[in-house]
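Inspection log for the structure reproduced underneath, given as structure tokens.
A short reminder: the numbers here are calculations on the coordinates, not readings from a lab. All values derive from a computational prediction rather than experimental measurement. Cβ atoms come from the backbone with ideal geometry, glycine included; neighbour counts cover every protein chain shown.
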Amino acid sequence: MSKILVVDDDNDMCLLLNRFLTRNGYEVAGTNSGAAAIEWMKKNQPDLVLCDFRLEDMTGMVLLGKIKEMHPNAPVIIITGYSDVKDAVEVMKLGAYDYVTKPLFPDEIILTIKKALSAPGKDQGVPRASTPAQSVTTGSTTAQPKTKTVFNDNYIMGDSPEFANIIKQIELVGPTNYSVIIYGESGSGKEAIAQQIHNKSKRANKPFVAIDCGALSKELAGSELFGHEKGAFTGALNQKTGSLEYANEGTIFLDEIGNLSYDIQVSLLRVVQERKIRRVGGNKDIELDLRIIVASNEKLWDVARMGKFREDLYHRFNEFSIEVPPLRERKSDIMTFANHFLKMTNAELGKDVKGFTKEVEDIFKNYIWYGNLRELKNVIKRSTLLTDGGYVETRSLPFEIVNFHKLQFDTAPVQVAKPEHIPVSTSVPAQPVSYENKLKSANLDAEYEVILDALKQANFNKSKAAILLNIDRKTLYNKMKQFKEFNIE
């Protein structure tokens, strides 16, 4: 029986998840703070950790680092509100397996947990080996537009003018043996581009190994990349082949290369210069013949000038570079990817959702997509799960995406419609306010804005918003059901 640790400062949520997961055959332990979770993990070994992104005593990012130090192979799933999606995607670079957004849905939670527990190595640092992909063109329909697709690990190439330029660069550099730097935001599809470069090379029939350097701890990075000999350090019970050796004659893709420690960069420089490695604890050089492709969400030259990345290593890698624009800058790709992810999710869930309503398409095209393709994929998975008919409708989308433009914290003050003879301030106060008094004095039209304001202040945690409003959670839920904008059925 798999043991799951649930970490959430909302005790009701903790108990709810505990009961639900126990009924589904898991052994569950729950804590209400990061410190308590750390103490629990000193005495216990979790198979998986389900952690809220915002805890009272620390962020999910800090706790993730502690978990990876204590139990590096335990997958971590981050629970987040939509205002934190951008941060949640960043946390995935540090080794989180995935994130799920509030409100939580039972089928989504169980599906994500099962996939995490069955993942090879249950660790984002484990190399992902791929076989050659094939490019095909699908037929054009209303729901599934014509698009060039790469059927390998569910990769797909967009057909926007911006991506057409990237494909030209792939065709140009693919047949060479050049090292390549791929720049782009997290979740923008850098690994798919690296895979396609490999497919266009003479090494296409050899291994393609992808490593997320952001998920490698300083202590384990050397062993993961270079391998180790038996007895090289405490816990090295057997000899291990490193990812670089595993990729011999093929291509290795090092994502978020800037996260590697300076010591590892020194060792990597020798690999690039001499095409040789030495396992940790070993005394024998191993010859390598491989192509190196790296990726970063920061300009490596700027990082090198700040002293955080070796300049000589940067120049070795910088034989060719490709910049991947974020999804929000190539809007014509959004529905191409959305339809592809819908097809994948239909196959996974055994459903037959045909496409999206025009309103949903417009929402997708106007949303900012902080997490790029990774966020879009998660939204499609959730909305498909909640769709009963033939097309995804707005009621199946997360509230924060449907109301994206209303929820911008940096926009003008919220304008609340109220009777003219009642003087009110329409700005969101900087200091804590009495939401209880506001709720009691507000009419029905203004009540929506008051509830929305409280939800924003509570980071869309309904229990905390209810406390601000001085009502119980059930009452808040019932009030939200009055307004279709909240998508509460």
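Brief remarks on what is shown
- Computed P(r) (all Cα pairs; the stretch 250-327; 5 Å bins; percent): 3, 13, 25, 26, 17, 10, 5, 1, 1, 0
- Taking each residue as 0.36 nm, the span from residue 62 to residue 305 lengthens on full extension beyond its C-alpha to C-alpha distance by 84.8 nm.
- Site pair residue 284 and residue 477 shows an inter-label distance of 6.4 nm when each label is modelled 7 Å from Cα along Cα→Cβ.
- Theoretical FRET efficiency, 1/(1+(r/R0)^6), r = Cβ-Cβ of residue 272 and residue 24, R0 56 Å, to 0.05: 0.70
- Those aspartates and glutamates that a straight Cα-Cα span of less than 14 Å connects to residue 343, excepting residues fewer than 8 apart in one chain: 153, 352
- Size descriptors for the stretch 333-377: radius of gyration and Dmax over Cα atoms are 10.7, 30 Å.
- For the residue pairs 299/377; 240/284; 102/474; 377/464; 3/474, the C-alpha atoms sit more than 20 angstrom apart in 299/377; 377/464; 3/474.
- Largest first and in whole Å, the equivalent-ellipsoid semi-axes of the stretch 260-378 read 42, 20, 11, each the square root of five times a Cα gyration tensor eigenvalue.
- Model label points for residue 354 and residue 177, set 7 angstrom from Cα along the Cα-to-Cβ axis, are 5.4 nm apart.
- Loop-resident GluC sites (Glu not before Pro) (DSSP state other than H, G, I, E or B) in the stretch 25-84 with no more than 12 further Cβ atoms inside 10 Å of their Cβ: 56.
- Computed from the C-beta positions of residue 73 and residue 165 and an R0 of 25 Å, the FRET efficiency is 0.05 to the nearest 0.05.
- Long-range amide H partners of residue 392 with built H, under 5 Å: 355, 356, 357
- Remark: spin-label model distance residue 332-residue 230 equals 6.0 nm, labels positioned 7 Å along the Cα→Cβ axis.
- Distance between the stretch 336-388 and the stretch 1-71 - C-alpha centres, whole angstrom: 29 Å
- Estimated from the Cβ-Cβ distance and a Förster radius of 30 angstrom, the FRET efficiency linking residue 323 and residue 366 is about 0.80.
- Straight-line cross-link partners of residue 481 among the aspartates and glutamates, defined as a Cα under 13 Å from its Cα and at least 8 positions apart when in the same chain: 447, 489.
- Cut-off 13 Å, label 7 Å out along Cα→Cβ of residue 43, residues of the stretch 1-32 by amide N: 30
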